[in-house]
């Protein structure tokens, strides 16, 4: 049951109130019922005892003297809405019955001596009523007691019945009163609760209005937490945190777009200027050839940027299908170094691979190859003539570590923290004008997609190292 | 007219420098911010073409330093950043003009020429001294109604003298503003080109245009 908080609060309040009222009403009804019934039964009992006092035992026989002046028997004699009584002796012989009963009988309840039993019944004329069954020993006549033979006290059973219309009417009047009071209370509760809920939820409306006012280009506007109820402060804080993170992400994206535009506009300007200069006057064929060659080089460079950008976007969008397979690292590094080896040898760059044979990772071969060849190319590009490139690998702590080092790095330790940022590049790279600063960003993303992590560091003697931590091949990870 | 190009993308730097040289400017070029600032503060440039994103020192920092040093060179910012905020920031820091990459070479040359004219307070692209007329946009020279054909170097020398018409211009000034000092180390080359110009411009029976001011230099004008 989600829906609106407002209706939920209202519903819960009203349901709770109804439940409380229902329990209260039932208890009240039971108490009133007991009190009414108690009064009725006490009166019935008194009538029964009064009649019983008129019953005597004389000469071993029970006689009912109901006709006397002492007892008002009019209620039993009236033709309309009469009351009833019936008297039996021990043997079940009817000794007396009220005239209203005619020849009929009243049902006898399960009473014992001196403990009357009350029960509801339908009176002989059909009205609802209640009866008391009273078992007693009638008093013994005096002269009888003076005779020599011992007197045996006999028992008699008296049933008196009377209609309950009176208390039924009182009871239903009370129930009606109780019901309407409860209904009124619930209605009032609904009204008050609606007001209270509206008042209580006002800060939410205010927050909603503040959130609605936030524009995509103005994400740095934090929602002021003051004036908010204490319960909402954590929500506002989380929202502000979220906004800050969003703003950071947006800023990165904006910076990236601007950088991408810059990185593409500059070579484009290069091609245009080169060709326009070439066309500005009649030239020797060699000059045209030079301009065309330069343009082709720039286009090749742009093509790299564009495909790197595309790859980066795919990696970040999680659109690269992975086909993990065990990749032996030593062979892979050697294979990927081969195309770079010739150029490096000419510059007297020494290359050493200390990756142990048998070290294997489970990874998508193409993606891993892209990361490794980018790192090798980067190392070859930035190491000095006569410098040294070293690749080392080991299994440690259930992970595979692969490190790429090259000498003659001119970055500071602080700058080394930026090498994985898109389009960031050190001054040396800028001056060379070749690298567009996407290579290491690609490496970082690719390694992340492979489930690993890439870090970069510079030692005080200028050795630049990129360390990859990769998950091992599940089966044959050498320990 | 002497121009400094500070641009870190080598192919673009080469093309712009070549285009400007062929248009008759003396050009120095560098791809490094620090070096650019050094060039700009040690030489007297008429126009500086400045990229914004540079290694070492970025373009706006260079601009700020130049302006706080009171350097009069006209600065044309050349950049891939094209938002209004970027342009306003550059112009507010004292740039004279702004060109977004990629650009047409023609436009770059026209803007540099306009800035160079402004350096000599000449707004009219057509310079007239007596019956000598120089159309700087088309780089054409007329003596009366007669067209005079000049080589790019001769033209650059004449234009520089014409911009400062009436003033005495020293050989050093000419050497610094017209020829790339890396290409010709000999200041005699100025005298040689003055001689070429005289041969092409002077007409018998008309008053001379180019006057030698002994020990100080040359002056262009109807009268000495």
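If you take the residues of segment B:31-42 that are outside any loop (DSSP other than H, G, I, E, B) and within 13 Å of chain A (Cβ to nearest Cβ), which of them is nearest to the chain's Cα centre (by Cα)?
Among those residues, the one meeting the criterion is B:36.
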### Query
Under the condition of being surrounded by 14 or more Cβ atoms within 10 Å (Cβ to Cβ) and under 17 Å from residue A:202 (Cα atoms), which residue from segment A:223-255 is farthest from the other protein chains (Cβ to nearest Cβ)?
A:232
### Task
Among residues belonging to segment A:314-326 that are surrounded by 12 or more Cβ atoms within 10 Å (Cβ to Cβ) and free of Cβ contacts under 8 Å to residues at least 60 places away in the same chain, point out the one that is farthest from residue A:268 (Cα to Cα).
A:325
### Query
So how many residues does segment B:47-57 have that are modelled with pLDDT under 90 and either on the phi > 0 side of the Ramachandran plot or more than 11 Å from chain A (Cβ to nearest Cβ) (or both)?
1
### Task
Within segment B:61-68, identify whether any single residue is within 13 Å of chain A (Cβ to nearest Cβ) and closer than 30 Å to residue B:174 by Cβ, and answer yes or no.
no
### Query
Since residue B:113 meets every condition but one in (1) out of contact with any helix residue (DSSP H, G or I) (no Cβ under 9 Å at 6 or more places or on another chain); (2) more than 20 Å from residue B:18 (Cβ to Cβ); (3) surrounded by 16 or more Cβ atoms within 10 Å (Cβ to Cβ), which condition does it not meet?
(2)
### Task
Using the structure shown, decide if residue B:78 is under 25 Å from residue A:295 (Cα atoms), at the interface with chain A (Cβ under 10 Å from one of its Cβ atoms) and assigned to a loop (DSSP other than H, G, I, E, B).
no
#### Entry: Lone qualifier among A:362, A:341 - being away from chain B (no Cβ under 14 Å), more than 24 Å from residue A:445 (Cα to Cα) and either modelled with pLDDT under 90 or out of contact with any helix residue (DSSP H, G or I) (no Cβ under 7 Å at 6 or more places or on another chain) (or both)
A:341
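May I ask you to say which residue of A:64, A:52, A:48 is closer than 30 Å to residue A:153 by Cα and modelled with pLDDT under 85? Steps first, answer last, please.
Values: A:52 fails: modelled with pLDDT under 85; A:48 fails: modelled with pLDDT under 85.
Of the residues listed, the single one that is closer than 30 Å to residue A:153 by Cα and modelled with pLDDT under 85 is A:64.
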### Task
Please state which of the following conditions residue A:395 fails to meet, knowing it meets all the rest: (1) modelled with pLDDT under 90; (2) part of a strand (DSSP E or B); (3) touching a strand residue (DSSP E or B) at 6+ places or on another chain (Cβ under 6 Å).
(3)
### Query
Which helices (runs of 4 or more DSSP H) does segment B:90-191 wholly contain that include 3 or more residues that are out of contact with any strand residue (DSSP E or B) (no Cβ under 9 Å at 6 or more places or on another chain)?
B:105-119, B:152-163
### Task
Please work out if residue A:135 is closer than 11 Å to residue A:156 by Cβ and more than 60 Å from the chain's Cα centre (by Cα).
yes
## Note on the structure
Quick count over segment A:277-300, residues being at the interface with another protein chain (Cβ under 9 Å from one of its Cβ atoms) and either farther than 19 Å from residue B:22 by Cα or exposed (fewer than 12 other Cβ atoms within 10 Å of the Cβ) (or both), is 4
### Message
If the requirement is being within 14 Å of chain B (Cβ to nearest Cβ), touching a helix residue (DSSP H, G or I) at 6+ places or on another chain (Cβ under 6 Å) and surrounded by 11 or more Cβ atoms within 10 Å (Cβ to Cβ), which of these qualifies: A:274, A:266?
### Response
A:274
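Just the residues that are away from every other protein chain (no Cβ under 14 Å) and either surrounded by 17 or more Cβ atoms within 10 Å (Cβ to Cβ) or without any contact (Cβ under 8 Å) to a residue 60 or more places away in the chain (or both), please, taken from segment A:301-313. Don't jump to the end; show me each part of the working.
The first filter runs over segment A:301-313 and keeps only residues away from every other protein chain (no Cβ under 14 Å), leaving A:303-304, A:306-313.
Result: A:303, A:306, A:307, A:308, A:309, A:310, A:311, A:312, A:313.
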### Task
Determine whether segment B:21-30 contains at least one residue that is facing chain A (nearest Cβ under 10 Å), part of a helix (DSSP H, G or I), farther than 30 Å from residue A:423 by Cα and in contact with a strand residue (DSSP E or B) (Cβ under 8 Å, 6 or more places away or on another chain).
yes
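Answer yes or no as to whether residue A:258 is under 13 Å from residue B:80 (Cβ atoms), facing another protein chain (nearest Cβ under 8 Å), at pLDDT below 85 and outside any loop (DSSP other than H, G, I, E, B).
Details: under 13 Å from residue B:80 (Cβ atoms): yes; facing another protein chain (nearest Cβ under 8 Å): yes; at pLDDT below 85: yes; outside any loop (DSSP other than H, G, I, E, B): yes.
In short, yes.
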### Message
Whether any residue in segment B:5-19 is within 14 Å of residue B:99 (Cβ to Cβ), in the same structural domain as residue B:90 (by TED's automatic domain parsing) and part of a loop (DSSP other than H, G, I, E, B) is what I want to check.
### Response
yes
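The values are calculated or read from the model by the stated rules, or taken from the named source; none is laboratory data. Remember, predicted model here, so these are calculated numbers, not experimental data. For neighbour counting, all protein chains shown are included, and Cβ atoms are generated from backbone atoms with ideal geometry for every residue, glycine included.
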